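The values are calculated or read from the model by the stated rules, or taken from the named source; none is laboratory data. Worth saying up front: this structure is predicted, and the values here are computed from it rather than measured. Ideal geometry is used to build each Cβ from the backbone, glycine not excepted, and the neighbour counts take in all protein chains shown. Heavy atoms of the whole protein, side chains included, go into the accessibility calculation; ligands, DNA and RNA do not. Shrake-Rupley method; radii C 1.70, N 1.55, O 1.52, S 1.80 Å.
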Amino acid sequence: MVGLVSQENHLVALVSRTGRALQRYRKGRRQVVGCIPYRYKAASVDSEAASSSEEDEIEVLVITSKKGKGMLFPKGGWEIDESKKEAALRESIEEAGVRGIVEGKLGRWSFKSKSQDTCHEGYMFPLLVQHQFDFWPEHNHRQRTWMSISEAREVICQHWWMKEALERLVNRLTARNNNKPAPTLS
C-alpha cells in the first residue's frame, strides 16, 4: 500500500511495510510498538468547559482492526533498522494517517496475539498529533475515529494492555497539566 506524505513542503511516497523478515524477536516473542495518538480539544469559552475535568480535554485516535473486529491504537512490528520510537511513528502514519511528537514510553507489556496464538512483547508511546493526513497507506483498510478517553476505554476493552497504556497516558497528562511530576518509565 502506498500513501503520499508531506514532509517539510515535499511529497514523499510512503509504503506500508509488509512481512516479518526484518522484525525483531526476543526470547521467541515478537517485538511490537505502537502509539496512542492524542490531542487537546480546542479551548471553549463557555462555563461548562471551565468545570470539565482534565481528562475531558483530551481526545485519542482509535482505528479499526484490519480484520474489522474492534478498535485499537496503531501498532505493529518493530524492525531491525529502526528505533522503538521510529517504529511507533511509522505505524501511526501507516495505520492511522497521523504524525506528531512521540513522547516517552508508557510501558512494556507481554500479551498473547489473538490471531496467531503466539506471545508478543509490546511497547506503547504517546503521540501528540501535529498533522492528520487525508490519505495514508492503509486508508482503504482502516477507519479512524477521534474520541474521548471514556469512549476509548469502552471500545478497546478487548485489548487489556492497550487499556492499561491508556490509563498510564491519562495519569501522565493529568499530572503534567497539574504541574506534578509524572511517573516515567525507562
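Screening Asn140 against (1) on the phi > 0 side of the Ramachandran plot; (2) out of contact with any strand residue (DSSP E or B) (no Cβ under 9 Å at 6 or more places or on another chain) leaves a single unmet condition, (1).
May I ask you to say which residue of Glu86, Glu82 is out of contact with any Gly (no Cβ under 7 Å at 6 or more places or on another chain) and open to solvent by 40 Å² or more (accessible area, probe 1.4 Å)? If you could, list the steps in order and put the result at the bottom.
Values: Glu82 fails: open to solvent by 40 Å² or more (accessible area, probe 1.4 Å).
Exactly one residue qualifies, and that residue is Glu86.
Filtering segment 118-133 down to residues that are modelled with pLDDT under 95 and over 18 Å from Lys66 (Cβ atoms), which residue is surrounded by the fewest Cβ atoms within 10 Å (Cβ to Cβ)? So the residue we want is Cys119. Taking into account only those residues within segment 102-117 that are in contact with a helix residue (DSSP H, G or I) (Cβ under 7 Å, 6 or more places away or on another chain) and free of Cβ contacts under 8 Å to residues at least 60 places away in the same chain, which is least open to solvent (accessible area, probe 1.4 Å)? Out of the qualifying residues, it is Trp109.
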